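The values are calculated or read from the model by the stated rules, or taken from the named source; none is laboratory data. Please read all numbers here as calculations on a predicted model, not as lab measurements. Cβ placement follows ideal geometry from the backbone for every residue including glycine, while neighbour counts extend to all protein chains displayed. These accessible areas exclude ligands, DNA and RNA; they are computed on the full protein's heavy atoms, side chains included. Shrake-Rupley method; radii C 1.70, N 1.55, O 1.52, S 1.80 Å.
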Amino acid sequence: MKITQSYSPEDRWVDGSTCLETELCLPDNMIRTGTELESLQTGPVLIVPSPKATQETVDEKEALKYVEHKRQLSEPCYYPEAGSPKQQKQTALAEVVSVSTTKGVFHQLLLTSAVLLLAAGCGMPIGYSAVLLPQLYDSNETLAIDIEMGSWIASVHSLATPIGSFASGPIMDRWGRRPAILLAIVPLFGGWVLLATASSHFLLLLGRVVAGISVGLTAAPAQILLAEIAEPRLRGLLIGAPFVSYSLGILLVYALGSQFHWREVAWGGTVLPLLSFVALFFAPESPVWLARNNQPDRAAKALTWLRGCPVQAKQELHQLTERFEQEQQQHSRRPQNFWRSLSELAIVKPLIIINAFHVLQILSGTYLVVFYAVDIISDMGGSDINSIQAAVLTAIVRLAFTFLYCFLLLMMPRRLMVTLSGLGSGLSCVAIAAFMYIRAGEPKTPLDTYVAATLILIYIGANTGFMTMPGIMIGELLPAKIRGQIAGYLFTIFNLLLFGVAKGFPYAKAALKTQGLFLMFGIASFAASLLLFLLLPETKGRSLHDIEDYFRQRNWLWMNRKRAREEEQQSGVHHGGEEGKPLSNE
């Protein structure tokens, strides 16, 4: 990006308070000055060293003062720790200035809204089988089906999703996060068109497969894009928001299916993909991906748009390029391919946390109760609640609690939220198992139905906190150098595990009975809470750089972080924390 010498404060500022996002607005010959300690405490001072350069006007000085004043108001005061100048410099490099202006926050929310449109569009195929199958079981329907074909129509979507997840990693690493999402929208639109125009059972299955591949292609790039464009204080909210939209998409397809023919519902399903494609087409690419792919001008422009101020964007871009150059130097001395890099401790630790939680989350029944809600409620308290009522009620409850958890992510520490969620899920499962055991062999009454439904709704509400965590952990815990590629593989493993457990659920239910299943759900919930309490670092308000630095420490347990930090400080290695606090001392 070329920046000319002819500029004025009016070119940089609107109403004296907001930086224009079209250019960095700072000429290339402006450099950092002042002593190192002053730079650490108050931030860099910008000057024009060239004798030919125009002298700063009073307005320009006021503009620079504004930048410093706004940064100091937006961030807690930062005082570097005592030590050598080298340690002070490393501490400064650990800081990422990412407090956005109001306009920058608005832009982040705008980009997130485009992703939310797509997330709702991806939720619609999940709930579509509940709309499609009852209508196709009607013998008067031209494409009437039997139970066997119905089971394939319902399950083939889940079989196709891992295919898309597996391909998404290399695609978004090669071409970028935004192009990967745009590419994923095409089969989603095509799948709905196939369903709307299907003239045979084969085309119905093909439409479900194509839509399933699209959902798999979308999951990882969408989560990674939101994680990389968001500033630390908003990241939890922005990463968790797609789960609200996803649940809303399921509700939307239920509502449409209750009023319209399945073909009309399929045509309606094409609207959200089209809108999201248009919105994302004009959105910026992830600045992290741009900085790591030798496109600094585009990265600077994207960061300026997302942060609302070019000075803050320049500082954050400096952090990104600095870290990338350090990684390149390390790799030049010791070349590593992708698979060999997975043996690094900083990568092994988040992978173990994420995969172990995936297994425990699935075994805690997060998705199984949604898939089999009607059967479980029927076993517990009778069949007074019909299938549509049960599906809509559970979807509404999950939507409401997903919305609640998104705001809890903004206000509460991650570790506290997920621990309480797991404890609530485990206790409600134990209560359900005890209720089932006490009522075993007794005649079912209407009261049993309402007690069972109430306990399940409490369980769904508590367990929904688990649903939001996989995307957040993948977006926050993985190092930048493998984040894109490995995220697709992690979603693949997760979807395959989910499909296998869902297919085996009826057999487990026959062997363990409903009370045994909920006892298993409770044990898995408690185990997941214990796992995250011991191993998960507190990432709320922390930059992605700081989280990477934490996993480079030798400790595995979060409670041992202080000891590990002291050992590293003695050896001359320093890892800083966002907003002036070391991540390991929280």
Report summary line: With the dipole of region 108-214 defined by +1 on each Lys or Arg Cβ and -1 on each Asp or Glu Cβ, the option from L111, P125, L204 whose Cα lies farthest towards the positive pole is L111
Report task. Starting from the Cα of L416, step 7 Å toward the Cβ, then list every residue of region 448-474 with an amide N under 18 Å from that point. Result -> 465-466
Query - Fully extended contour minus Cα-Cα distance, from W152 to A400, at 0.36 nm per residue - result: 86.2 nm
Requested in this report: With a 1.4 Å probe and all protein chains in place, put W556, W305 in order of accessible area, largest first.
Outcome: W556, W305
Query raised in the report: How long are the semi-axes of the ellipsoid equivalent to region 103-283, from square roots of 5 times the Cα gyration tensor eigenvalues, in whole Å, largest first?
Result: 31, 16, 13
Requested in this report: Determine the dipole magnitude for region 103-283: charges of +1 sit on the beta-carbon of Lys and Arg, -1 on that of Asp and Glu, nothing else is charged, the reference point is the Cα centre, and the result goes in debye to the nearest 20.
Outcome: 700
Query raised in the report: Of all accessible surface on region 103-283 at a 1.4 Å probe, what whole percent is carbon and sulfur?
Result: 74
Requested in this report: Run the 1.4 Å probe and let me know the accessible area of V186, rounded to the nearest 10 Å².
Outcome: 90
Query - Label point distance in nm, V348-F499, each placed 7 Å from Cα along Cα→Cβ - result: 3.1
Requested in this report: From the C-alpha gyration tensor of region 341-564, pull out the three semi-axes of the equivalent ellipsoid (sqrt of 5λ each), sorted largest to smallest, in whole Å.
Outcome: 35, 17, 16
Report summary line: Note: L109 to T454 extended length (0.36 nm per residue) minus current alpha-carbon separation gives 120.7 nm
Report task. With a 1.4 Å probe and all protein chains in place, put T102, T539 in order of accessible area, largest first. Result -> T102, T539
Report summary line: For M124, M559, M149, the accessible-area ranking with a 1.4 Å probe, largest leading, is M559, M149, M124
Report task. Just subtract the alpha-carbon distance of R552 and T321 from 0.36 nm times their residue separation and send over the number in nm, one decimal. Result -> 81.2 nm
Query raised in the report: Just how much of S158 is accessible, in Å², when a 1.4 Å probe is used and the result is rounded to the nearest 10?
Result: 50
Query raised in the report: Per residue, how many Å² of accessible area does region 103-283 show with a 1.4 Å probe?
Result: 37
